[in-house]
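S.K.: One structure coming up, written as structure tokens, with questions to follow.
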Amino acid sequence: MTAHTDTPDSVTTVYKVTGMSCGHCEGAVSGEISQIPGVSSVKAVASTGEVTVVSAAPLDDEAVRAAVDEAGFELAGKSG
């Protein structure tokens, strides 16, 4: 399944998450963020600390922070 990030009805946001070090970390963060309503795709990369989220509309930063906290990591902010 391929996520298309260039469609006009979706928003792509890259977040910085601190503390991820392995594939398990990526899965934990992705799993929590993917439960936020409107999220269609999540890709976490431990080596860069970047989590790319595709959603139907801009997400509430506090909802993303709570999801990252639930996974056991810390949201450092948005990239870019």
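Derivation of every value follows stated rules applied to the coordinates shown; laboratory data play no part. Note that the coordinates shown come from a computational prediction; the quantities given were computed from them, not determined experimentally. Cβ sites come from the backbone with ideal geometry, for glycine too, and all protein chains shown count toward neighbours.
S.K.: Give, rounded to the nearest 20 debye, the magnitude of the charge dipole that the chain has about its Cα centre when Lys and Arg contribute +1 at Cβ and Asp and Glu contribute -1 at Cβ.
M.R.: In total the dipole reaches around 200 debye.
S.K.: Here's a follow-up. If every alpha-carbon in the chain counts as one equal scatterer, what log10 I(q)/I(0) does Debye give at q = 0.14, 0.15 1/Å?
M.R.: For the chain at q = 0.14, 0.15 Å⁻¹, log10 I(q)/I(0) is -0.38, -0.44.
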